[in-house]
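K.L.:
I have a structure here, written as structure tokens, and I will follow up with some questions on it.
All of the numbers you see were taken from the coordinates with simple rules; none came from a lab. None of these values were measured; they are calculated from a predicted model. No Cβ is skipped: glycine too gets one built from the backbone with ideal geometry, and neighbour counts run over all protein chains shown.
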Amino acid sequence: MAQYDRAILAKTQGTLVSPQDLQAELLEPAGLQPGAAVCGRQLLGFETEGDYLRLDLVWPAGVSGFAVLAQPRKEDAACFAHSDQWNLSYRGEGFAKGDAELLAEIGRRLDAACVARSLTAQAVRERFLTRPALDTYLEISPGKKLYIRVTNHCDEACIFCNATEGNANVLESKSDAESILRGMPAGELAQVIFSGGEPTLVKSLPRLVKLAYDRGARDIILQTNGVALAAPGELEKYLPFRDRLGIGFSLHATEPGLSAAMVDHPDLSRFPAKLRAIDLAVQHGFRIKLTCVVMRPNLAQAPEFVRWAWQRWGQGLARVQLSYAMPRGNAWLNQHLLLRFDESAVEFAKAFDFGREVGLRVETSQSACPPPCVMPDYLDHFDLYGDFAGRVADPERVKPPEVCGGCQWDRVCGGVWRRYLEVYGASELRAVTDRPLPPMHLEDFLHAEVFDLGDT
Ligand code: SF4
């Protein structure tokens, strides 16, 4: 089975290709792989950005932050130079007159590699620079997690909801979901996560959970706002799967008013319904995680949230996650409510310290945004979920080479959202050079794989 950075469970013929494929098929034949020299500069790495290929370069004197952007040639597009097949431009400081030769040389090498591989730049764009439509594939996230979003519909409108910008792995057709679950080698995945939208709005959800359970899924997670599970008899439908089913409740405040503001829903009775559902789930002995997404309105309350949850549910909670709102969807629209990493770190640290005191697992997830270097004393509170040595978790993130070069935590860092850097810059990031990565269980960090449903 092929290895991919973000792996795909093939639902149709379309699968994503990996950066390694791009390197092997185009960049190495062009002599433009990381580490190569071009006109006295050294190539640090590459990324795809929209339909651009970005090559990061460093000068012998150490000047970095300079990138050459290559895009299949379009006559009407503005650029600094073009080759037979490519438009070339640059980004960053340090471009001097002589550097026109650098752009020309990169264009020449890309042209030659295309000819040698019988590729056109357009074909490169289609194969490597264009992501397939979201409904043509299922993606396994790093850490071998498979999210199945059984609906995009939701009965709340959280001010940070990222689903509004397009969700991967949406399976709204019940028969599609059932046939994929029937064919899935679920036991080979670390987690199958039922999410949405709000998955409990889908009546067939207990049946889908049963299918994953029967296919041998080792760990099943139901992510929910909990309101529907407060109705009599609803939670009980999941009791037969309790030994391998955990419930992740989204709860963002300790009181109804703030909770209503966070989920942008005026009905204050939803808050006590959520608490009832969690009470019940604790009584039934489900494994429970609370996820509190933090933005400016509930930041000050974050440490108090953890104390309050501990007082109410104590050891009934497996973990509490304080999640930074990733800069996507509604959170990106509500930029005035986005936090700097250092603002959230102050409050998160208080909550982590409390968790250490009482023996409650309190964590944050870098899948949401912050990289571990912004809270280096709290690495053990990060939900580390992949092995990213020299890579990032997905194309929306980056490890700025001028900061991240030589960082000893590169392997567990998924990178930083480009959008965060656009708003706040990279001044809070620091390469970690004085603390080696603690020993970790490799099994937890396996790359995801491509599973071909035809083989199962
Ligand atoms: S310095 Fe870069 S690689 Fe290291 S943890 Fe921070 S963002 Fe990640």
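K.L.:
Classify the stretch 270-382: rounded, prolate or oblate, from the alpha-carbon gyration tensor (a ≥ b ≥ c, eigenvalue square roots; a/c under 1.5 rounded; otherwise prolate if a/b is larger than b/c)?
P.N.:
It is oblate, given that a/c is not under 1.5 and a/b is not larger than b/c.
K.L.:
Apply the Karplus parameterisation 6.51 cos²θ - 1.76 cosθ + 1.60, with θ equal to phi minus 60°, to every residue of the stretch 337-344 and state each ³J(HN,Hα) to the nearest whole Hz, in sequence, with x for glycine and proline.
P.N.:
In residue order, the calculated couplings are 9, 5, 9, 6, 4, 5, 5, 5 Hz.
K.L.:
Rounded, prolate or oblate: which fits the chain, taking a ≥ b ≥ c as square roots of the Cα gyration tensor eigenvalues, rounded meaning a/c under 1.5, else prolate when a/b beats b/c?
P.N.:
It comes out prolate by the Cα gyration axes.
K.L.:
While we're looking at this one, here's another question. Which FRET efficiency value, to the nearest 0.05, is calculated for residue 311 and residue 157 with the Förster distance at 35 angstrom and r the Cβ-Cβ distance? Show your work: numbers first, answer last.
P.N.:
Working: r = 29 Å, r/R0 = 0.84.
Once the sixth-power term is evaluated, E becomes 0.75.
K.L.:
Once a ≥ b ≥ c are taken as the square roots of the eigenvalues of the Cα gyration tensor of the stretch 15-129, is the result rounded (a/c under 1.5), prolate (a/b larger than b/c) or oblate (a/b not larger than b/c)?
P.N.:
Numbers: a/c = 1.64, a/b = 1.32, b/c = 1.24.
It is prolate, given that a/c is not under 1.5 and a/b is the larger ratio.
K.L.:
Let me ask something additional. Among 297-305, 397-405, 189-197, how do they line up from the highest to the lowest mean number of other beta-carbon atoms within 10 Å?
P.N.:
189-197, 397-405, 297-305
K.L.:
Excluding same-chain residues fewer than 8 positions from residue 210, which lysines have a Cα within less than 23 Å of its Cα?
P.N.:
Cross-link targets: 11, 144, 145, 174, 237, 289.
K.L.:
Now for a separate question. Which far-off residues, 5 or more places away or on another chain, put their amide H under 5 Å from the one on residue 287, with H placed in the peptide plane?
P.N.:
Result for residue 287 returns 247.
K.L.:
Going by average Cβ neighbours within 10 Å, how do the peptides 31-39, 381-389 rank, with the highest at the top?
P.N.:
381-389, 31-39
K.L.:
Here's something else I'd like to know. Work out the FRET efficiency for residue 24 and residue 172 from their Cβ-Cβ distance, taking R0 = 41 Å, and round it to the nearest 0.05.
P.N.:
About 0.70, to the nearest 0.05.
K.L.:
While we're here: Taking the Cβ of residue 372 as the centre, find all other residues whose Cβ is under 13 Å away and add up their charges (Lys, Arg: +1; Asp, Glu: -1).
P.N.:
The answer is -2.
K.L.:
I would also like to ask the following. List, in order, the whole-Hz ³J(HN,Hα) value for each residue of the stretch 363-373 obtained from phi through the Karplus relation with A = 6.51, B = -1.76, C = 1.60 and θ = phi - 60°; use x for Gly and Pro.
P.N.:
Values, residue by residue: 9, 10, 10, 6, 5, 7, 4, x, x, x, 5 Hz.
K.L.:
Please sort by residue number the trypsin sites (Lys or Arg not before Pro) in the stretch 168-263 whose DSSP state is loop and whose Cβ has at most 10 other Cβ atoms within 10 Å.
P.N.:
For trypsin sites (Lys or Arg not before Pro) across the stretch 168-263 that sit outside H, G, I, E and B with at most 10 neighbouring Cβ atoms in 10 Å, the list reads 203.
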